1. With of a type in the set (G, A, S) and within 21 Å of T388 (Cα to Cα) as the only criterion, which of S265, S354, S338, S349 stands out?
2. Would you please name the residue that is farthest from the ligand (Cβ to nearest atom), looking only at residues in the stretch 74-87 that are part of a helix (DSSP H, G or I) and touching a helix residue (DSSP H, G or I) at 6+ places or on another chain (Cβ under 6 Å)?
3. Do you know which of the residues in the stretch 1-60 that are of a type in the set (K, R) and in a loop (DSSP other than H, G, I, E, B) is farthest from M300 (Cα to Cα)?
4. Restricting to the stretch 133-154, count the residues that are part of a loop (DSSP other than H, G, I, E, B) and more than 12 Å from the ligand (Cβ to nearest atom).
5. Can you name the residue in the stretch 130-146 that is more than 16 Å from N181 (Cα to Cα) and touching a strand residue (DSSP E or B) at 6+ places or on another chain (Cβ under 6 Å) and is also surrounded by the most Cβ atoms within 10 Å (Cβ to Cβ) among such residues?
6. Looking at S368 and the list (1) under 24 Å from the mean Cα position of the chain (by Cα); (2) buried (at least 17 other Cβ atoms within 10 Å of the Cβ); (3) at pLDDT 95 or above, which single condition is not satisfied?
7. If only one of G340, G286, G333, G370 is in contact (Cβ under 8 Å) with a residue 12 or more places away in the chain, within 16 Å of the ligand (Cβ to nearest atom) and in contact with a strand residue (DSSP E or B) (Cβ under 9 Å, 6 or more places away or on another chain), which one is it?
8. For the stretch 14-42, which residues satisfy the criterion of being surrounded by 14 or more Cβ atoms within 10 Å (Cβ to Cβ), among the aromatic types (F, W, Y) and within 22 Å of A77 (Cβ to Cβ)?
Amino acid sequence: MKFNPAKAIQDLKQFGEFGGVNPSITDSSTYTFLEGETMEDTFHGQMEGCFLYSRHWNPSNKYLADALAAMESTESAWITASGMAAITCALLQLCQSGDHIITSVTTYGGTYAFLKNWLPKYNIDVSFVNITNLEQVKKAMRPNTKVIYTESVTNPLLQVSNIPELKKIADSGGAKLMVDNTFTPMILSPARLGADLVVYSMTKFINVKNDCVAGAICGSNEFVDQLSNVNDGTAMLLGPVLDPLRSSSILKNLNTLHIRMKQHSRNAMYLAEKMEEYGLKINYPGLQKHPQHKLHTKLMNPDFGYGGMLAIDFETEKRANTIMQKMQAAGVGYLAVSLGYFRTLFSNSGKSTSSEVPLNVQKEMGLSDGLVRFSVGLDSDIENTFQTILKCIEE
Ligand SMILES: *Cc1c(COP(=O)(O)O)cnc(C)c1O
């Protein structure tokens, strides 16, 4: 069935309390009650639509959460102050001392570091697997496995996760499947494919402007209630609340996400095809030769393309640095970490956003010293961009 996440957001018809075309922005940390009893009930999560204190819920974050839940087809969503806050709060809500997590070895560097260095201190065991090898995932399952964690398209190797099959494996052991969909909003709908939880760094494509850091967790009503529980909810007690001014700004940007994703994808596809023709070692899920091209095509929502992320292996760190500096000087984009910006961003993954991953592990997973990850921008003349990149490579 064809699903249109942009229409799902538009169908919400959110508007402001005075008829404003945009919802009003909450400018309060606390809320008044006419009756003491209502306050008590709200504290215990029983008063739908009542607001108590902004770390718990606030109207601006609720509008954005409702829009994200519509986009993901989940019952509910929770807004956080960063992508890492979304990931860590969700994992800590699901796991306790003695539990076990299976994760893709290729993930965002911060996620890798949390799983590798932080969770073991609290006696939570983590197995790192090649997430495209389903047999390996099955073998890693233990009676105490609580979560299978992956990225729908992994950073920076752009492997595509087989979400429906991973869900079956998770279900067979009573574990939850949690998917980071930061690279592919609207393109892939992990919850519709079986994921129990979808997490985002909204810092990237969703917000596009690179003017703030933010995150989200999309899941069931039950899970969001657990996250926000005043007695043991991680989101409530660790407190990574996003400022309402920011969430209202992100909500407005979310309304153009579908157009942007199409353009990011169109530009990335153009560059990938041209670069492949030219003979560069290019990795892009939209290319036929990508190992999970067919799988991606099967799983994706139509019309949004294969995303804005691509990777080129320039083989050595030195060559990668030279080319990146030239590209920046020539106006291709910026030598910067992060992604999803309207301008093209590029960085050497192994030396930046995956530098938390030890060198031997980088080698094992096939992450080359010279791998440059591109987040392709919204360029209006991508042919010209390609010609400029070629000059930087050839000179
Ligand atoms: C950036 C990123 C994160 C972390 O998000 P922040 O907003 O920086 O905390 C997590 N996952 C992926 C895939 C990312 O690209």
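The values are calculated or read from the model by the stated rules, or taken from the named source; none is laboratory data. Everything quoted here is computed from the prediction, not taken from an experiment. Glycine also receives a Cβ, built like all others from the backbone with ideal geometry; neighbour counts cover every protein chain displayed.
1. Numbers: S354 fails: within 21 Å of T388 (Cα to Cα); S338 fails: within 21 Å of T388 (Cα to Cα); S349 fails: within 21 Å of T388 (Cα to Cα).
Result: S265 is the single residue among S265, S354, S338, S349 that is of a type in the set (G, A, S) and within 21 Å of T388 (Cα to Cα).
2. My answer is I87.
3. So the first thing to find is which residues in the stretch 1-60 are of a type in the set (K, R), and the list is 2, 7, 13, 55.
Retained after the next criterion (residues that are in a loop (DSSP other than H, G, I, E, B)): 2, 13, 55.
Values: K2: 10, K13: 25, R55: 35 Å.
Among them, the one singled out is R55.
4. First, pick out the residues of the stretch 133-154 that are part of a loop (DSSP other than H, G, I, E, B): 133, 141-144, 152, 154.
Right, trim to more than 12 Å from the ligand (Cβ to nearest atom) and you get 133, 141-144.
Residues flagged as part of a loop (DSSP other than H, G, I, E, B) and more than 12 Å from the ligand (Cβ to nearest atom) within the stretch 133-154 amount to 5.
5. V137
6. (3) is the only condition that S368 fails.
7. Numbers: G286 fails: within 16 Å of the ligand (Cβ to nearest atom); G333 fails: within 16 Å of the ligand (Cβ to nearest atom); G370 fails: within 16 Å of the ligand (Cβ to nearest atom).
Going through G340, G286, G333, G370 in turn, just one is in contact (Cβ under 8 Å) with a residue 12 or more places away in the chain, within 16 Å of the ligand (Cβ to nearest atom) and in contact with a strand residue (DSSP E or B) (Cβ under 9 Å, 6 or more places away or on another chain): G340.
8. The answer is Y31, and nothing else.
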